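A short worksheet on the structure shown next.
The values are calculated or read from the model by the stated rules, or taken from the named source; none is laboratory data. Keep in mind that this is a model prediction, so the values were computed, not measured. For neighbour counting, all protein chains shown are included, and Cβ atoms are generated from backbone atoms with ideal geometry for every residue, glycine included.
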Amino acid sequence: MEWVKRGAPVLIAEDDQKTGTLVAAYLEREGFRTRLSHDGREALDMARSETPLLVILDLMLPGADGWEVCQTLRRDSDVPIVILSARQEELDRILGFTLGADDYVMKPFSPRELVARVKAILRRTRSQPLASKTRLSHGGLVLDLEKRVATLNNRRLALTPSEYCLLKTLMSSPGRVFERTELLTALYPDGEAVVDRVVDVHVGKLRQKIGDDPVRPSIILTVRGMGYQLAEAAAT
């Protein structure tokens, strides 16, 4: 597995020592290196110094809670984030995705399923493009598919892995209407259970980052009752 060979650790920020140790054990069985933290501030320091492959993040952390850690990580990097929490309200899950999480796993949880989700996210965010195209463009918006970098008017965009995947899907076929179910499949190809509104959350964040007016969008268009499409006019 390419992500294991890279040697970067999975950072587990979990206040319950037993849970953290359990998650680490299951990941290590699959060849991952892990680092464990029981404090939000410490987790942020470790993320800055070690550049983790992925972060598994509990919300009820001392020092800095999971919401703050998630927001700070996403502001500073595009590291994949999986929230692992006993908070099961839909609003909590929506907030997690809004702050930049790539997945939200509720406790009690299956360690095997959590590992499967970690692998799915890493496959999704690190897979190489199958087509011969190495670049997609739409006006001043450019995706470098080899480097997995998005730029707007030559300025690099700080996209989360999920936002990048969503933008790549839309830019692959300007003018085509993608139903929400199609976009969910692109984001979660292994069929992980997610909140239906997660696509809307990611689209909203993506519009902000590419400067698309959320009230009257001109780049990512909403097709009522169906889904979303990338406007054709600026496609190149």
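Being at pLDDT below 90, under 17 Å from the mean Cα position of the chain (by Cα) and either loosely packed, with under 14 Cβ neighbours inside 10 Å or within 30 Å of residue 231 (Cα to Cα) (or both) holds for only one residue in 103, 78, and it is 78. The set of residues in the range 136-180 being within 28 Å of residue 119 (Cβ to Cβ) and without any contact (Cβ under 8 Å) to a residue 12 or more places away in the chain consists of 144, 147, 149, 156. Checking the structure you have, find out if any residue of the range 48-64 is under 13 Å from the mean Cα position of the chain (by Cα) and surrounded by fewer than 16 Cβ atoms within 10 Å (Cβ to Cβ). Looking through the range 48-64, none of the residues is under 13 Å from the mean Cα position of the chain (by Cα) and surrounded by fewer than 16 Cβ atoms within 10 Å (Cβ to Cβ). Screening residue 165 against (1) outside any strand (DSSP E or B); (2) outside the structural domain of residue 207 (by TED's automatic domain parsing) leaves a single unmet condition, (2).
Would you check if residue 23 is modelled with pLDDT of 90 or more, within 16 Å of the chain's Cα centre (by Cα) and closer than 17 Å to residue 113 by Cα? No; evaluated as a whole, the condition is false for this residue. Within the range 144-162, the set of residues being of a type in the set (Ser, Thr, Tyr), closer than 21 Å to residue 54 by Cα and not in a loop (DSSP other than H, G, I, E, B) comprises just one member, 162. What helices (runs of 4 or more DSSP H), lying completely within the range 1-94, carry at least 3 residues that are in contact with a helix residue (DSSP H, G or I) (Cβ under 8 Å, 6 or more places away or on another chain)? Passing ranges, in order: 17-29, 40-50, 66-76.
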